[in-house]
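Heads up: the structure comes next, in structure tokens.
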Amino acid sequence: MTAAPALDFDAATSPHRRELHVHCYRMLASFDDAEDAVQETYLRAWRAWDGFDGLHPRAWLYRIATNVCTDLIRARKRRSPERPTDIAWLTPYPDRLLDEIPAEDDGPDEVAVARETIELAFLAALQVLPARQRAALLAREVLGMPAAETAELLDTSVAAANSALQRARATMAQHLPSHRADWSAGQPSAAEKELLERFIDAHERCDAAAALAVAAEDIRVTMPPYPWLFDGRDALVPLLERGFGPDREGDWRLLPTSANRMPAAASYLRRPGDSVFRAFKLDVLRIEDDAIAEITTFGPALFEALGLPQTVT
């Protein structure tokens with residue numbers, strides 16, 4: 001085997017950094033944890049560079065990244081949640097960063113971009129799986145790896161990798177809506193953008209009836225890291241009364257954005273006596289059948305990564 005010290009480490013590995021970040025995010029469901037995992041991946045790769053044969057650096061990096069994520073999952077001793085709604089560490093992923101992933105026609109990176117299964121419901125359900133099953137499912141059904149390459153990624157046999165995949169599929173089927181056969185996500189459609197505009201308008205006018213009008217009857221609202229779950233329109237009424245009523249904390253201004261290939265709204269609150277609206281929360285919307293089926297509400301920690309200002313006037 002010929003070592004590869006003559007190859008330039010940065011030139012060989014840097015083009016894959018963003019897609020590796022997305023892979024780690026899928027494994028860990030946390031933007032910040034993915035940052036940590038990518039840093040550790042490149043540290044391990046640098047240390048092992050002299051012994052690398054220079055062939056297929058992308059596959060080599062994915063194997064390291066998967067091992068890093070598996071180690072992090074075990075080290076942090078996160079309890080495998082029973083339900084996707086119990087994912088306290090779930091955070092959004094800015095679409096503007098997904099768009100930075102380089103892709104070449106018919107190349108392997110194209111597969112990673114074209115099959116971006118990154119909706120929040122899918123990501124949350126993934127966290128129910130043990131780490132190796134999670135990695136097997138991502139390798140085969142998201143990255144499009146063949147069975148032999150998946151087995152190499154997991155450092156196991158093809159039979160064991162296939163077994164992990166089958167168990168992962170069965171578990172995922174229990175935690176995802178049965179009518180969703182394909183979780184590949186694209187850009188928000190015109191209809192979704194129009195529904196987002198109505199959502200924003202209702203909130204800026206503090207119009208509870210208009211906000212309920214764009215919601216599905218069985219809408220679900222979660223607010224990671226809190227274990228709160230609001231099921232159905234009736235459960236939203238107290239929330240809207242608190243946010244829109246006469247005793248509300250102030251006035252609202254919302255900006256349209258997107259995260260996880262889903263429409264989203266960034267909310268800014270102007271409290272009494274303040275002259276500006278300040279970053280408050282991010283609502284990521286899952287839309288089904290021309291209605292908002294699910295809202296996942298996050299704090300403003302990732303506004304900068306989303307390209308959003310901290311204040312608006």
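Using the per-residue mean of other Cβ atoms lying within 10 Å as a proxy for protection, in what order, highest first, do the peptides 261-272, 53-64 fall?
The most tightly packed comes first, giving 261-272, 53-64.
Could you go through the stretch 302-313 in sequence order and give the Karplus-derived ³J(HN,Hα) for each residue, using 6.51 cos²θ - 1.76 cosθ + 1.60 with θ = phi - 60°, rounded to whole Hz, and x for Gly and Pro?
Rounded to whole hertz, the list is 9, 4, 5, 5, 7, x, 9, x, 7, 9, 9, 10.
Mind jotting down a quarter of the surface of the convex hull over the alpha carbons of the chain, in square nanometres, one decimal?
17.7 nm²
Kindly write out, for the stretch 39-52 in residue order, the coupling ³J(HN,Hα) from the Karplus curve 6.51 cos²θ - 1.76 cosθ + 1.60 (θ = phi - 60°), rounded to whole Hz, with x marking Gly and Pro.
4, 5, 4, 6, 5, 5, 5, 4, 5, 9, 4, 5, x, 7
Please give the direction-averaged projected area of the C-alpha convex hull for the stretch 9-175, in square nanometres with one decimal.
Mean projected area of the Cα convex hull: 9.4 nm².
Tilt of helix 57-75 relative to the longest C-alpha principal axis of the chain, in degrees (0 to 90, nearest 10)?
That helix lies at roughly 60 degrees to the long axis.
By the scheme Lys and Arg +1, Asp and Glu -1, what is the net charge of all other residues having a beta-carbon under 9 Å from that of ILE219?
-2
Could I have the simple spin-label model distance between TRP46 and THR313, label points 7 Å from Cα toward Cβ, reported in nm to one decimal?
That separation, rounded to one decimal, is 4.4 nm.
Please identify, among ALA124, ALA12, ALA293, the residue showing maximal mean-square fluctuation in a Gaussian network model of the chain using a 10 angstrom Cα cutoff.
ALA12
For GLU288, enumerate residues with amide H under 5 Å from its amide H, sequence gap 5+ or separate chain, H modeled in the peptide plane.
Those qualifying (amide H under 5 Å, at least 5 residues apart or on another chain) are ALA293.
If you add up the charges near GLN174, with Lys and Arg at +1 and Asp and Glu at -1, over every other residue whose beta carbon is less than 12 angstrom from its beta carbon, what do you get?
On the way: positive: ARG83, ARG167, ARG169; negative: GLU82.
My count for the surroundings of GLN174 gives +2.
Counting only C-alpha contacts under 8 Å and six or more residues apart, can you give the relative contact order of the chain as a whole percent? Present the calculation step by step, with values, prior to reporting the outcome.
Details: 477 pairs, mean separation 47.8, N = 313.
Relative contact order, the chain: 15 percent.
Counting only helical runs of four or more DSSP H residues, what would the 222 nm mean residue ellipticity of the chain come to if each run contributes -39,500 (n - 2.57) and the total is spread over all its residues?
For the chain, the value works out to -13000 deg cm²/dmol.
Taken together, the values in this text are just the output of simple stated rules run on the coordinates, not laboratory data. Predicted, not measured: the structure shown is a model, and the values here were computed from it. Positions of Cβ are generated from backbone atoms using ideal geometry, with glycine treated the same way; all protein chains shown enter the neighbour counts.
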